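The next block holds one structure in the form of structure tokens; read it before the comments.
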Amino acid sequence: MYIDSNIFIYAAIDNTETGKKARNAIEKIANGEIKGYVSPLVIDEVMWIIQKMVNRNVAYRTVQLITSLPLVWLDISYETTKIALEIYQRGLDPRDSFHIGVMKEYNISEILSEDRDFDKISEIRRVSLNNF
């Protein structure tokens, strides 16, 4: 299952029930209960948003924690870019299009995300924290 950046962001800075569910999901990754896939795009997005919302130090510490998890890291290639451009034409934002491009290139059909924009893409299934 591809792990969207918002899961890590909620886990790091959200004190509501959503943040708690995100932390529980990450704990399942850490314990090896689920296999999580990410790309460097996730790190870029997490750093950018947490830096903007909190500060650089919290962003740095969050990424250190993410990189310590037993995640499968997927590369971004020229093929990813071609797929992302096709997805972009279907209405997704650029970064989300690239996440889908990575997923499609590696034949991953599920994404753990709170972003409902992914529901526009019929080839993948978004799993929300409530349904995880």
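Values quoted throughout were computed directly from the atomic coordinates according to the rules given, and no laboratory measurement underlies them. Owing to the predicted nature of the structure, the values given are computational and were not obtained by experimental measurement. Glycine also receives a Cβ, built like all others from the backbone with ideal geometry; neighbour counts cover every protein chain displayed.
The table below gives the values:
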| item | result |
| --- | --- |
| Nitroxide proxy distance, nm - points 7 Å out along Cα→Cβ at Asp44 and Asn107 | 2.7 |
| Evaluated at q = 0.15, 0.24 Å⁻¹: base-10 log I(q)/I(0), Debye formula over Cα of region 34-81 | -0.44, -0.88 |
| Length released on extending from Ser68 to Lys120, taking residue separation times 0.36 nm less the Cα-Cα span | 15.5 nm |
| Hz values of 3J(HN,Hα) by residue in region 33-50 - Karplus curve (6.51, -1.76, 1.60), Gly and Pro given as x | 6, 10, 9, x, 10, 9, 10, x, 4, 4, 4, 4, 5, 4, 4, 4, 6, 5 |
| Label-point separation, Phe132 to Val54 (7 Å along Cα→Cβ), nm | 1.6 |
| Candidates Gly91, Gly101, Gly36: whichever shows maximal mean-square fluctuation once the chain is modelled as a Gaussian network with Cα springs under 10 Å | Gly91 |
| Cleavage-rule hits, trypsin sites (Lys or Arg not before Pro), region 25-85, DSSP coil, Cβ neighbours within 10 Å at most 15 | Lys35 |
| For Arg125, residues with placed amide H under 5 Å, excluding near neighbours | Glu110, Ile111 |
| Approximate spin-label separation Ala30-Asn15, in nm, with each point projected 7 Å along Cα-to-Cβ | 2.0 |
| Gaussian network model of the chain, Cα within-10 Å springs - most flexible of Leu92, Leu65, Leu74 | Leu65 |
| Most fluctuating residue given options Arg95, Arg116, Arg23, as computed from a GNM of the chain linking Cα atoms under 10 Å | Arg116 |
| Coordinate range along principal axes, alpha carbons of region 3-42, Å, largest first | 25, 23, 10 |
| Cα centre as origin, Lys/Arg/Asp/Glu Cβ charges: region 1-104 dipole, Debye | 200 |
| Region 23-118: C-alpha pair distances exceeding 17 Å, % | 56 |
